[in-house]
Amino acid sequence: MKNIQIEKLSNLYTIRRLTDADVSMLYAWMLRNDQYFRYCGGGTTRH
């Protein structure tokens with residue numbers, strides 16, 4: 001599989017790979033949007 005240069009996918013947005021350091025920010029966002037995740041059949045966890 002080729003290595004895709006994801007940072008070149010958009011001229012409007014900064015694109016980067018997510019890291020373990022992003023987990024807390026994403027988890028907080030998921031907690032604020034829990035209705036979406038409940039509808040999709042999953043709970044909101046850090047994992």
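Annotations for the structure displayed:
- Within region 1-15, no residue that is among the polar types (S, T, N, Q) sits with its Cβ atom under 6 Å from a residue that is in a helix (DSSP H, G or I) at 6+ positions apart or across chains.
- Residues within region 1-42 that are in a loop (DSSP other than H, G, I, E, B), surrounded by 10 or more Cβ atoms within 10 Å (Cβ to Cβ) and in contact with a helix residue (DSSP H, G or I) (Cβ under 8 Å, 6 or more places away or on another chain), tallied: 1
Every number here is computed from the coordinates shown, using simple stated rules; none is lab data. As the structure is a prediction and not an experimental result, all values here were calculated from the model. Cβ: placed from backbone, ideal geometry, glycine included. Neighbour counts: every protein chain shown.
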